[in-house]
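Visitor: Let me begin by handing over the structure; questions about it come next.
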Amino acid sequence: MDAVNSRRTVLVAAAGAAALAGCSNSGDSGGSSSPTPGAPSGSASATPGASSPPAQAGQVLAKVSDIPVGGGKIFAEQKVVVTQPTAGTFKGFSAICTHQGCTVSTVADGTIDCPCHGSKYRIADASVANGPATRPLPARRITVDKDSILLP
C-alpha cells in the first residue's frame, strides 16, 4: 500500500507542477491585448499599413482586406462576425441571433442578417435594425495586428 500512496503522491505533485507551469505562461506576451484606446469594447480600429504593436497571441480570423468596408464576414465556427462599418474600423460581435439562437448567415446592405426569422442588426454597433429580435448582438473582442484580425 505504501508504494501505491507514494506513486499517487508523485502523480498529484506532477499534476500540480504542470498546472503551475501552465499558469506562468499565460501572462502578458509583451503586446497589448486591449482594443485601440478610445475604441468601444469589442472593436479595434486600425489603418492598414500603419505601425502596429508586436504580434499578439490569438487566432487569426482574416486579413483586414477580407472584410469589406461597409460590410463584414461571418466566422460560423468561432461564432463571431467581424464588420468594417467605416474604413479602418473593425468591430466584432457574436454571430448568434439574440432572438432564438440561430447563427446569422449574411452581412449585406449595412446589416447582419439572421435566416431564421428575419432579424437584422446594424454593422456599426449590432443594434437591432429589424425584429423580431429585441436585443443587439453582444460585442466580441477582436484585435487588429498589422494586416490581420485576431480573436484573442
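Visitor: When residues of the stretch 79-112 are filtered for being open to solvent by 40 Å² or more (accessible area, probe 1.4 Å) and not in a strand (DSSP E or B), how many remain?
Guide: Number of matching residues: 7.
Visitor: Next up: Before we move on, is SER45 closer than 26 Å to THR98 by Cα, open to solvent by 80 Å² or more (accessible area, probe 1.4 Å) and modelled with pLDDT under 85? Steps first, please.
Guide: Details: closer than 26 Å to THR98 by Cα: yes; open to solvent by 80 Å² or more (accessible area, probe 1.4 Å): no; modelled with pLDDT under 85: yes.
The answer is no for SER45.
Visitor: Any idea how many residues of the stretch 125-145 are in a loop (DSSP other than H, G, I, E, B) and open to solvent by less than 40 Å² (accessible area, probe 1.4 Å)?
Guide: In the first step, residues of the stretch 125-145 are kept if they are in a loop (DSSP other than H, G, I, E, B); the result is 125-127, 131-138, 140-142.
Still in the list and also open to solvent by less than 40 Å² (accessible area, probe 1.4 Å): 126-127, 131, 133, 137, 142.
Of the residues in that region, 6 qualify.
Visitor: Moving on to the next point. Output the residues belonging to the stretch 113-123 that are surrounded by 17 or more Cβ atoms within 10 Å (Cβ to Cβ) and hydrophobic (A, V, I, L, M, F, W, C).
Guide: First, the residues of the stretch 113-123 that are surrounded by 17 or more Cβ atoms within 10 Å (Cβ to Cβ): 113-114, 119-123.
Result: CYS114, ILE123.
Visitor: Something else about it: Restricting attention to the stretch 48-72, report how many residues are buried (at least 17 other Cβ atoms within 10 Å of the Cβ) and modelled with pLDDT of 60 or more.
Guide: Taking the stretch 48-72 and keeping what is buried (at least 17 other Cβ atoms within 10 Å of the Cβ), we get 52, 56, 58, 61-62, 64, 67, 71-72.
Retained after the next criterion (residues that are modelled with pLDDT of 60 or more): 58, 61-62, 64, 67, 71-72.
Within the stretch 48-72, residues that are buried (at least 17 other Cβ atoms within 10 Å of the Cβ) and modelled with pLDDT of 60 or more number 7.
Visitor: Kindly list, by first and then second residue, each pair from a residue in the stretch 89-110 that is more than 15 Å from ALA139 (Cα to Cα) to a residue that is open to solvent by less than 40 Å² (accessible area, probe 1.4 Å) and among the polar types (S, T, N, Q), limited to pairs with Cβ atoms under 6 Å and residues at least 6 apart or on different chains.
Guide: Note: pairs meeting the criteria are HIS99/SER119.
The values are calculated or read from the model by the stated rules, or taken from the named source; none is laboratory data. This is a predicted model, so every value here is computed, not measured. When we count neighbours, we look across all protein chains shown, and the Cβ atoms used for this are built from the backbone with ideal geometry, even at glycine. Just so you know, the surface numbers come from the protein's heavy atoms only, side chains and all, with ligands and any DNA or RNA stripped out. Shrake-Rupley method; radii C 1.70, N 1.55, O 1.52, S 1.80 Å.
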